[in-house]
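These notes are about the structure you will find just below.
The values are calculated or read from the model by the stated rules, or taken from the named source; none is laboratory data. Note that the structure is a prediction, hence the values are computed from the model and not measured. In this analysis, Cβ positions are derived from the backbone assuming ideal geometry, glycine residues included, and neighbour counts consider all displayed protein chains. Keep in mind that these areas ignore ligands, DNA and RNA; they rest on the heavy atoms of the full protein, side chains included. Shrake-Rupley method; radii C 1.70, N 1.55, O 1.52, S 1.80 Å.
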Amino acid sequence: MLRSQVREEIFKILFRVPFMEHAQMEEQIVFSLEELEGKSEENRNYINNKVHAILEHIEEIDDIIDNCCEGWNIGRIGKAEIAIMRIAVYEITMEEEVPDSVAINEAVELSKIYCDEDAKGFINAVLGKVARRME
């Protein structure tokens, strides 16, 4: 799988977070990974580890998003946009091996698939602000 495909699988799992209890979320992660049967063990492990890492830091990630959304609070942002930004903010703030520009570009590309037309500009602006604050 390409990294963009891996990110898309992570997005699909994280999109479910607002709709699930914690115990149900674990079941959903297992179910999602089982759906990827036939994909490499390395990719499935990467997806599992990254989803759990994001979930472990979700409050911190959400605070970062909230602080970078001028005139918006996180409760007003679409669920798909939040899931996409959670991945990118995690990569920008906690994964040194992913360049900020790659995290932002991948988020914008995901938004073109799963969000409305206006989302890509919003996501790009918020993530750009996150990246600048991390410099």
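Scoring 85-96, 46-57 by mean Cβ neighbours within 10 Å over their residues and listing the highest first yields 85-96, 46-57. The range 95-134 and the range 1-68 have Cα centres lying 17 Å from one another.
Put simply, the convex hull of the Cα atoms in the range 68-135 casts, on average, a shadow of 4.2 nm². For the listed peptides 106-112, 62-68, a ranking on the average number of other beta carbons within 10 Å per residue, highest first, reads 106-112, 62-68. Here the accessible area is traced with a 1.4 Å probe on the protein chains. For the chain, carbon and sulfur cover 46 percent of it. With contacts taken as Cα pairs under 8 Å and at least 6 residues apart, the chain reaches a relative contact order of 24 percent. Each Cα pair of the range 20-110 feeds into the Kirkwood radius, which the Stokes-Einstein equation turns, at 37 °C and 0.692 mPa s, into a diffusion coefficient of 229 µm²/s. Per residue, the chain exposes 56 Å² of accessible surface when a 1.4 Å probe is rolled over the protein heavy atoms with every protein chain present. Among VAL6, SER32, ALA107, which residue has its Cα positioned farthest towards the positive end of the charge dipole of the chain, with +1 placed on the Cβ of Lys and Arg, -1 on the Cβ of Asp and Glu, and the dipole taken about the Cα centre? Of VAL6, SER32, ALA107, it is ALA107. Hey, could you grab the Kirkwood Rh for the range 1-61? Inverse mean 1/r over distinct alpha carbon pairs, Å, one decimal. About 11.8 Å, per the Kirkwood formula over Cα pairs.
In a reduced charge model with +1 at each Lys and Arg Cβ and -1 at each Asp and Glu Cβ, the chain shows a dipole moment near 360 debye about its Cα centre.
A straight Cα-to-Cα reach below 25 Å connects LYS120 with the lysines LYS12, LYS50, LYS79, LYS112, LYS129, residues fewer than 8 places away in its own chain not being considered.
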